[in-house]
Amino acid sequence: MKSLSQLEFYQEHNRHQQEYFSQTTKPTMIPTDSLYLRRQVAEMLRVANLVTGERVLEVGCGMGRYTFLLAHTGIQIEGMDLTPALLDKLRATDGGRYNIPLHCADVLEYPPDLKNRFDAVIGFFTLHHLHNIPACYRAMEQMVKPGGRIVFLEPNPYNPLYYLQILFTARMTFRGERGIFNMRKSFIFNAMQAAGLSKLEVVQFGFFPPVIVNHPDGAKLEAVLERVSFWRPLLPFQLFKGVKNG
């Protein structure tokens with residue numbers, strides 16, 4: 001059972017996150033379609049081994065920036081988010097097109113009927129916004145079936161461009177994004193191992209910002225530069241994967 005201090009911490013953390021994401025609409029949350037986003041979704045599909053018909057939960061789905069792209073692939077995507085206002089915007093944008101099931105909840109207090117329900121639990125730039133990451137992994141491990149995958153796409157804390165993005169992007173703050181410092185391989189792997197996950201993996205990719213990647217030639221050049229071992233540890237995106245024991 002959580003102590004009072006832990007409960008107070010969780011409540012304050014969740015309150016700030018809800019304010020951070022609902023008071024203003026951040027450009028990085030608006031659902032859209034681009035080569036940049038398609039690349040991120042494609043890497044998630046590949047690393048998480050997601051196939052048409054699988055039931056997948058997206059934690060931190062927000063307004064559906066990635067949710068709709070995933071739904072278009074034929075995956076049975078469901079969304080979970082802490083902030084009701086964001087889920088309302090997702091429903092409005094959906095307009096009955098995909099009828100995506102949505103759950104408004106803290107991942108630590110997931111609805112009981114979600115236990116052992118999913119082939120995979122995934123997230124895009126969500127993990128660094130969660131409180132008590134080891135406990136969150138334990139909760140997510142309970143929501144996937146035996147052999148299910150848990151995969152998160154997160155920023156690389158060793159890439160300096162991310163901090164410039166926070167500094168110069170409207171309505172992003174260092175307080176709201178401070179969890180990036182925990183997005184280190186050692187920290188995340190320890191959290192996954194403590195949750196009983198195995199076959200741990202981290203995959204890094206990316207190089208350029210959207211304005212370049214969204215140009216076909218930019219995407220081709222990025223693919224070449226990613227293969228250069230010298231700066232691979234600094235590539236901006238990383239996918240953390242763990243598998244629930246069967």
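The values are calculated or read from the model by the stated rules, or taken from the named source; none is laboratory data. Note that the structure is a prediction, hence the values are computed from the model and not measured. Don't worry about glycine lacking a Cβ; one is built from the backbone with ideal geometry, like all the others, and counts go over all protein chains shown.
Data overview
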| quantity | calculated |
| --- | --- |
| Residue check, Leu102 at pLDDT 95 or above and under 21 Å from Pro31 (Cα atoms) | yes |
| Any pair with Cβ under 8 angstrom, 6 or more apart, that starts in the stretch 130-145 at a residue that is of a type in the set (Phe, Trp, Tyr) and ends at one that is in a helix (DSSP H, G or I) and surrounded by 20 or more Cβ atoms within 10 Å (Cβ to Cβ) | Tyr137/Ala191; Tyr137/Met192 |
| Test: residue in the stretch 117-136 that is basic (Lys, Arg), part of a helix (DSSP H, G or I) and either touching a helix residue (DSSP H, G or I) at 6+ places or on another chain (Cβ under 7 Å) or over 25 Å from Ile30 (Cα atoms) (or both) | no |
| Scan of the stretch 99-114 for residues that are surrounded by 20 or more Cβ atoms within 10 Å (Cβ to Cβ) and either in contact (Cβ under 8 Å) with a residue 60 or more places away in the chain or in a loop (DSSP other than H, G, I, E, B) (or both), ordered by number | Ile100, Tyr110 |
| Conditions (1) part of a loop (DSSP other than H, G, I, E, B); (2) surrounded by 17 or more Cβ atoms within 10 Å (Cβ to Cβ); number of the one not met by Arg227 | (2) |
| Residue under evaluation Ser186, criteria (1) touching a residue at least 12 places away in the same chain (Cβ under 8 Å); (2) within 28 Å of Glu141 (Cα to Cα), criterion not met | (1) |
| Unique residue being at pLDDT 90 or above and either over 22 Å from Tyr36 (Cβ atoms) or touching a Cys at 6+ places or on another chain (Cβ under 7 Å) (or both) when the list is Phe181, Phe230, Phe205 | Phe181 |
| Residue match in the stretch 157-179 (condition: out of contact with any Leu (no Cβ under 7 Å at 6 or more places or on another chain), crowded, with 21+ Cβ neighbours inside 10 Å and touching a residue at least 40 places away in the same chain (Cβ under 8 Å)) | no |
| Of all residues making up the stretch 189-246, the number that are among the polar types (S, T, N, Q), under 22 Å from Cys136 (Cβ atoms) and touching a residue at least 60 places away in the same chain (Cβ under 8 Å) | 2 |
| Subset tally (residues that are over 9 Å from Asn116 (Cα atoms), crowded, with 24+ Cβ neighbours inside 10 Å and of a type in the set (A, V, I, L, M)) for the stretch 135-150 | 2 |
